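Here's the structure, in structure tokens; my notes come after.
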Amino acid sequence: MTATFKTLDELDLANKRVLLRADLNVPVADGKVTDATRIERLVPTIREIVKKDGKAILLSHFGRPKGKVDAEFSLEQVCEAVANATGHPVGFVATDWTEMSDAQKAIESAPAGSVLILENTRFHPGEEANDPELAKRMASLGDVYVNDAFSAAHRAHASTEALARLLPAAAGLAMQAELEALEAGLGKPKKPVVAIVGGAKVSSKIDLLENLVTKVDALVIGGGMANTFLHAQGYGVGKSLAEKDLAETALRIMDKAIDSGCAIILPIDAVVAWHFKADTPTRLYGVDAIDKDGMILDIGPSSIERIQGAIDDANTVVWNGPMGAFEMNPFDAGTVAIAKHAAKRTHDGKLVSVAGGGDTVAALAHAGVKDAFTYVSTAGGAFLEWMEGKPLPGVEALKK
Ligand code: ADP
Ligand code: MG
């Protein structure tokens, strides 16, 4: 793929102050980082800047301090985790983002190859307002800008959008990997493409479904949201989770799919239980005969076989949303079977598989195949907005 955005190797980094938009919004308990996954993803870019004798100056949001200086949300508490992950000492630069001379001096006096972390960008209300004046003050701290925070790219904030337009800007290595993987998923995918969408509700994924039916060759709908579609088609879904007021929306999406030549694959059988809990008695039903007191909590074996067949016919799979209430045994079976199948096809070189979403990542980890997919995005909201086909302001601002 020829990138439409600048990459890190296209920037001159030597002796430059490199403003690196990172996502340091990591979980912290008692002043300690409890999950450093997001920090680890930044390591290659930080190391590259250091190797080329640039000053890596990280800026990030952290929590929701609501535009005020609030020690509880200081980024000072993640410095140690960044130092541990990079194996490099990390300095902290305090600022309230109004008067920059102290921060400028601290950065000036740091030697080439230093790693510094600036205070929480959300300590100033201009961050979330994408304030051009704040962006100018940020730009006064750097010579070039690198964005390695795809997970923050769906927000047009001063540090993700306005700032990128003020300095020579490039995607960091993690951002580049994410954009290339997503491009292979929906941008310029190897056809046929199958999208698999599940999860609890249609209401949270209407835009996503509407976008996918215009782009993919087949759309698999599973999980709780399939119940709404089944109900809309006149099937009884008993006491299952279903948004019956969205029946019209479901039918509209199905019509749009027909117009776009996208096949819709709905469950044909379902695992039903009478209590929403783990290890409760279950029974298998065809979707035309669901017990009126029962709840659909997973797809059944015939549905699994049908979906696996669709995966076999595909060169690309894009997946968001589990096929059932996978947190509870045995309702993880459908999701696990589909995940393992996609992983095997990927391993055999037959499939490009791209997945994302908070619960989807957890489900793939539970199935033991998180690393077997071509790409698993941990970006949450940004991944979903990408699946909705929306331009991401933080990515747009990097375009050449
Ligand atoms: P993601 O976080 O990957 O975007 P969602 O948040 O949309 O996914 O959906 C995940 C949730 O959907 C899980 O908590 C799962 O238990 C729930 N879910 C899936 N299928 C069903 C079902 N048949 N009934 C109730 N909940 C379901
Ligand atoms: Mg979720």
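The values are calculated or read from the model by the stated rules, or taken from the named source; none is laboratory data. The shown structure was predicted, so the numbers you read here are calculated from the model rather than taken from an experiment. Here the Cβ positions follow ideal geometry from the backbone for every residue, glycine too, while neighbour counts run over all protein chains shown. These area figures cover heavy atoms from the full protein model, side chains too; ligands, DNA and RNA do not enter into them. Shrake-Rupley method; radii C 1.70, N 1.55, O 1.52, S 1.80 Å.
The conditions of being open to solvent by less than 20 Å² (accessible area, probe 1.4 Å), touching a strand residue (DSSP E or B) at 6+ places or on another chain (Cβ under 8 Å) and not basic (Lys, Arg) are met by Ile221.
Results for (1) touching a Gly at 6+ places or on another chain (Cβ under 8 Å); (2) more than 24 Å from Ser204 (Cβ to Cβ); (3) modelled with pLDDT of 95 or more; (4) part of a loop (DSSP other than H, G, I, E, B), shown as yes or no for each residue.
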residue	(1), (2), (3), (4)
Asp245	no, no, yes, no
Arg252	no, no, yes, no
Asp255	no, no, yes, no
Arg283	yes, yes, yes, no
Asp298	yes, no, yes, no
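Scanning the stretch 326-338 for residues that are in contact with a helix residue (DSSP H, G or I) (Cβ under 9 Å, 6 or more places away or on another chain) and either within 16 Å of ligand 2 (Cβ to nearest atom) or of a type in the set (S, T, N, Q) (or both) yields Phe326, Glu327, Asp332, Thr335.
Go through the residues of the stretch 118-139 one by one and say whether even a single one is among the polar types (S, T, N, Q) and farther than 22 Å from Lys400 by Cβ. For the stretch 118-139, residues among the polar types (S, T, N, Q) and farther than 22 Å from Lys400 by Cβ: present. Residues that are under 25 Å from Ala342 (Cα atoms), within 16 Å of ligand 2 (Cβ to nearest atom) and in a strand (DSSP E or B) occur in the stretch 195-217; there is at least one. Residues in the stretch 346-378 that are within 16 Å of ligand 2 (Cβ to nearest atom) and open to solvent by less than 10 Å² (accessible area, probe 1.4 Å): 7 in all.
Taking strands (runs of 3 or more DSSP E) as the structural unit, those lying wholly within the stretch 47-147 and holding at least 2 residues that are open to solvent by 10 Å² or more (accessible area, probe 1.4 Å) correspond to 90-93. Criterion first (more than 16 Å from ligand 2 (Cβ to nearest atom), charged (D, E, K, R) and outside any helix (DSSP H, G or I)) does Asp288 satisfy it? For Asp288, the condition - more than 16 Å from ligand 2 (Cβ to nearest atom), charged (D, E, K, R) and outside any helix (DSSP H, G or I) - is not met. Out of Ala339, Ala343, Ala379, Ala365, one residue alone is more than 10 Å from ligand 1 (Cβ to nearest atom), among the aliphatic types (A, V, I, L, M) and part of a loop (DSSP other than H, G, I, E, B). It is Ala379. Among the residues examined, Glu305 qualifies as acidic (Asp, Glu) and part of a helix (DSSP H, G or I). The residue list Val376, Val352 contains one member that is within 22 Å of Gly324 (Cβ to Cβ), β-branched (Val, Ile, Thr) and assigned by TED's automatic domain parsing to the domain that holds Lys215, which is Val376.
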